[in-house]
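Written out below as structure tokens is the structure these notes cover.
Every number here is computed from the coordinates shown, using simple stated rules; none is lab data. Remember, it's a predicted structure, so these values are computed and weren't measured experimentally. All Cβ positions, even for glycine, are placed from backbone atoms using ideal geometry, and neighbour counts span all protein chains on display.
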Amino acid sequence: MLKNMMKNTLLNLKPIQKFIDGVGKDVKKFFGKDKGCIVGLEDDGVFYASGLYEWLKNKNLTFSTMDDDGRGLEEEKAKGRKILLVDNDIITGKGYKRAMEAMRLKKEKLGTKDVKYAVLCDRTGLADFSVEGYSAYAPWSLERLDGVDLKIIQALSEDGKKSFVEIAKGTGLSQVAIKNRVERLLKDKVLKIRGLLNMEKVYSVSAHIDIEADSKTINRLIEKFEKSPVVYHLVKTSGRYNLMVSIVTPNLESIENFIAKEIRSDLGVKHIEVNVGELPIIPKSWTPPII
């Protein structure tokens with residue numbers, strides 16, 4: 001009787017309800033008609049796992065618990081089954097990695113079919129099933145980009161239309177985990193996906209121009225160059241020259257015209273130095289402003 005009361009109480013708790021509402025359907029699809037085992041990770045994950053297990057009411061499922069290092073798992077209940085690890089959240093990803101590694105080491109012994117991870121709140125994008133994604137109050141900076149994030153960014157920089165399935169193959173994560181990470185990177189404006197112009201298909205030559213001028217002139221030039229369809233790099237500098245401009249054009253004549261009309265015509269410009277070269281090695285593409 002006490003056991004039934006505890007189960008009913010769990011299902012009445014709002015966090016448990018929220019968890020089940022968020023991942024329940026996906027978890028059902030994951031198990032399907034196969035035999036499975038729901039494993040609650042100590043401590044808090046046990047409550048979410050227990051509530052989910054009770055809600056599913058699937059005779060093909062068993063229930064167990066374990067520490068994130070794999071200790072405490074009732075292995076007989078997991079043999080030959082699909083495994084769903086359940087926790088309340090992923091903050092840094094360390095617990096997730098320990099638990100997944102523990103199951104990997106047990107795979108041959110247990111003959112497990114597949115292992116997935118479900119949480120209420122995932123701040124890393126690692127979980128296969130989660131309700132809440134990256135939280136705005138969690139710390140985030142470029143220093144926190146891990147190897148998987150960089151692989152995702154690299155894959156999308158090569159082909160912005162690459163599917164989550166294709167990206168997942170090169171990272172070892174699931175399609176859902178990749179989707180969560182991409183959405184997080186987009187939300188926090190770390191990543192942008194957009195159409196880029198292939199320079200070598202449109203231009204044939206580049207020029208690097210250093211400009212010496214007073215501050216008012218520099219600001220005026222910056223405002224003008226930001227709208228130029230040939231300027232792909234623009235930065236203020238210290239030293240003799242105040243502004244560095246890099247452009248790409250179809251021919252040398254276009255470079256001469258740009259310098260004459262856009263730079264030398266401004267009376268505030270004191271001195272310039274120009275270096276003409278091939279198309280840039282990096283970047284090979286960029287988005288010119290529409291004028």
Place +1 on the Cβ of every Lys and Arg and -1 on the Cβ of every Asp and Glu in the chain, take the dipole about the Cα centre, and give the residue among Ser50, Val182, Thr217 whose Cα lies farthest towards its positive end. Ser50
Radius 13 Å from Cβ of Asn242, net charge of other residues (Lys, Arg +1; Asp, Glu -1): 0
Summing +1 per Lys or Arg and -1 per Asp or Glu among the other residues with Cβ less than 13 Å from Lys35's Cβ gives +4
Could you check the simple spin-label distance between Lys94 and Lys284, using points 7 Å along Cα→Cβ, in nm with one decimal? 4.0
5 angstrom amide H check on Val115, placed H, neighbours 5+ away: Ile83
Rounded to the nearest 20 Debye, what is the dipole magnitude of the range 2-138 about its Cα centre when Lys and Arg each give +1 and Asp and Glu each give -1 at the C-beta? 640
How would the range 197-286 be classified by its alpha-carbon gyration tensor: rounded, prolate or oblate, with rounded meaning a/c under 1.5 and the a/b versus b/c comparison settling the rest? prolate
Distance between modelled label sites at Ser215 and Gln17, nm, 7 Å Cα→Cβ extension: 6.0
Give, as a single signed number, the net charge of other residues whose beta carbon lies under 10 Å from the beta carbon of Asp26, with Lys and Arg counted +1 and Asp and Glu -1. +3
Would you list, by chain and number, the aspartates and glutamates whose Cα falls below 20 Å from the Cα of Lys216, excluding same-chain residues fewer than 8 positions away? Glu226, Glu262, Asp266, Glu273
What number, rounded to the nearest 500 deg cm²/dmol, is the helix-based mean residue ellipticity at 222 nm of the chain, given -39500 (n - 2.57) per DSSP H run of at least four residues and division by all its residues? -12000 deg cm²/dmol
Tell me, what is the FRET efficiency for Ile222 and Asp26 to the nearest 0.05, using R0 = 45 angstrom and their Cβ-Cβ distance as r? 0.35
Expressed as a whole number of Å, what is the distance separating the alpha-carbon centroids of the range 191-210 and the range 228-244? 16
Tell me the angle of helix 45-56 to the major Cα principal axis of the chain, expressed in degrees between 0 and 90 and rounded to the nearest ten. 70
Show me the ranking of peptides 81-89, 69-77 by mean Cβ neighbours inside 10 Å, starting with the highest. 81-89, 69-77
Relative contact order of the range 2-138, pairs being alpha-carbon contacts under 8 Å that are 6 or more residues apart, as %: 23
Pairwise label distance in nanometres, Asn58 with Lys236, each label 7 Å out on the Cα-Cβ vector: 5.9
Of the listed values [x] 58, 19, 15; [y] 40, 35, 15; [z] 32, 25, 18, identify the label whose number matches semi-axes √(5λ) of the Cα gyration tensor in Å calculated from this model. [x]
Which of Ser130, Ser157 has the fewest other C-beta atoms within 10 Å, and how do the rest follow up to the most? Ser157, Ser130
Hey, what did the chain get for relative contact order, percent, Cα under 8 Å, at least 6 apart? 13
Pull up all non-local amide H partners of Thr65: gap of 5 or more, or a different chain, and H-to-H distance under 5 Å with H placed in the peptide plane. Gly40, Glu74
With +1 on each Lys and Arg Cβ and -1 on each Asp and Glu Cβ, and nothing else charged, work out how big the dipole of the chain is about its Cα centre, in Debye to the nearest 20. 1240
Given R₀ = 41 Å, what would the calculated FRET efficiency be for Lys161 paired with Glu74, taking r from the Cβ atoms and rounding to 0.05? 0.35
GNM result for the chain, Cα springs below 10 Å: residue of Glu183, Glu132, Glu253 fluctuating most strongly: Glu253
Once Arg104 and Thr171 are pulled to full extension, the length gained, defined as 0.36 nm per residue separation minus their Cα-Cα distance, is 22.5 nm
Under the rule of at least 5 residues apart or a separate chain, name every residue whose amide H is placed under 5 Å from the amide H of Ser174. none
